[in-house]
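Trainee: Mind looking over this structure? Questions follow.
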Amino acid sequence: MSTLFQKYGGFGTISKIVMDFYDRLLDSEIAGPFFDDIAMPRLIDHQTKFIAQVMGGPAAYSNEVLRRVHAPYSIDRQAFNEVAGILNATLQDHGVEAEDIGFIMAEIEARSPFVISTS
Ligand code: HEM
């Protein structure tokens with residue numbers, strides 16, 4: 001049994017997916033503005049580790065840390081869904097299998113209580 005992280009080629013492939021993901025996020029009218037003032041290289045590095053984590057690779061973000069970093073942004077359900085939807089489409093376009101995307105999206109959804117801070 002290998003992890004999804006290994007199956008899809010480790011950090012090399014994951015980095016490509018994350019770069020594409022962030023290009024799409026910045027183009028989004030709903031999600032883009034949240035990232036206006038953030039240094040992208042830093043965020044891409046963090047997001048790479050996060051995606052690797054939900055795919056079974058090495059990295060660690062506790063729910064408490066996720067809550068703390070997102071709390072200042074007043075993220076609502078609509079913005080969360082936009083980001084999740086863009087990730088889903090990006091994974092599809094990089095050839096990640098539907099079953100694996102289902103697993104990853106469930107992991108993302110499980111973090112929603114720690115990312116969403118406003119209704
Ligand atoms: C389950 C969904 C999400 C996960 C797992 C996630 C994960 C992360 C991680 C790991 C970081 C880096 C934290 C650090 O600096 O160490 C981060 C930062 C950030 N996230 Fe998310 N995120 C999610 C959803 C969202 C959504 C929906 C938005 C906005 C609509 C968002 C906006 C941001 C912003 C603006 C930062 C930069 C924080 C900073 O550097 O000050 N995130 N996120």
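The values are calculated or read from the model by the stated rules, or taken from the named source; none is laboratory data. Nothing here was measured: the structure is a model prediction, and the numbers come from that model. Backbone-built Cβ (ideal geometry, glycine too); neighbour counts: all protein chains shown. SASA here: full protein model, heavy atoms, side chains in, ligands and nucleic acids out. Shrake-Rupley method; radii C 1.70, N 1.55, O 1.52, S 1.80 Å.
Trainee: Would you mind putting 98-105, 7-14 in packing order, based on average other-beta-carbon counts within 10 Å, highest first?
Mentor: 7-14, 98-105
Trainee: For the chain, what log10 I(q)/I(0) values come out of the Debye formula at q = 0.12, 0.20, 0.22 1/Å, with one point per alpha carbon and no solvent?
Mentor: -0.40, -1.23, -1.52
Trainee: Continuing with the same structure: Over the chain, what percent of the accessible surface lies on carbon and sulfur atoms, probe 1.4 Å?
Mentor: Carbon-and-sulfur percentage of accessible area, whole number: 54.
Trainee: Let me ask something else. Which value at 222 nm does the chain reach when only helices count, each DSSP H run of 4 or more adding -39,500 (n - 2.57), with the total divided by all residues and rounded to the nearest 500 deg cm²/dmol?
Mentor: After summing the helix terms and dividing by residue count, I get -20500 deg cm²/dmol.
Trainee: Less than 10 Å Cβ to Cβ from His94, Lys/Arg counted +1 and Asp/Glu -1: what total charge do the surrounding residues give?
Mentor: That works out to -1.
Trainee: Go through Ser117, Ser15 and list them by solvent-accessible area, largest first, probe radius 1.4 Å.
Mentor: Listed by decreasing accessible area, they come as Ser117, Ser15.
Trainee: Related question: Could you give the radius of gyration (one decimal) and Dmax (whole number) of the Cα atoms in the stretch 39-104, in Å?
Mentor: Cα only, the stretch 39-104: 12.9, 34 Å (Rg, Dmax).
Trainee: Out of Pro58, Leu25, Gln78, whose Cα points farthest toward the positive end of the dipole of the stretch 1-89 (charges: +1 Lys, Arg; -1 Asp, Glu; placed on Cβ)?
Mentor: After comparing all options, I get Pro58.
Trainee: If you don't mind, another one. Less than 14 Å from a label point 7 Å out along the Cα-to-Cβ axis of Asn63: which backbone N atoms in the stretch 70-113 qualify, by residue?
Mentor: Flagged as within label range: 107-113.
Trainee: What number comes out for accessible area per residue over the chain if the probe is 1.4 Å? Units Å², please.
Mentor: Value for the chain: 57 Å² per residue.
Trainee: Sticking with this structure for a sec: Assuming R0 = 35 Å, can you tell me the calculated FRET efficiency for the pair Ser119 and Asp36, based on Cβ-Cβ distance, to the nearest 0.05?
Mentor: 0.95
Trainee: Another question, then. What does the highest-first list of 37-43, 80-86 look like by mean Cβ count within 10 Å?
Mentor: With the highest mean Cβ count within 10 Å placed first, the list reads 80-86, 37-43.
Trainee: Report ³J(HN,Hα) in whole Hz for each residue of the stretch 92-100, in order, from the Karplus equation J = 6.51 cos²θ - 1.76 cosθ + 1.60 where θ = phi - 60°; Gly and Pro get x.
Mentor: With coefficients 6.51, -1.76 and 1.60, one gets 4, 5, 9, x, 6, 5, 3, 4, 6 Hz.
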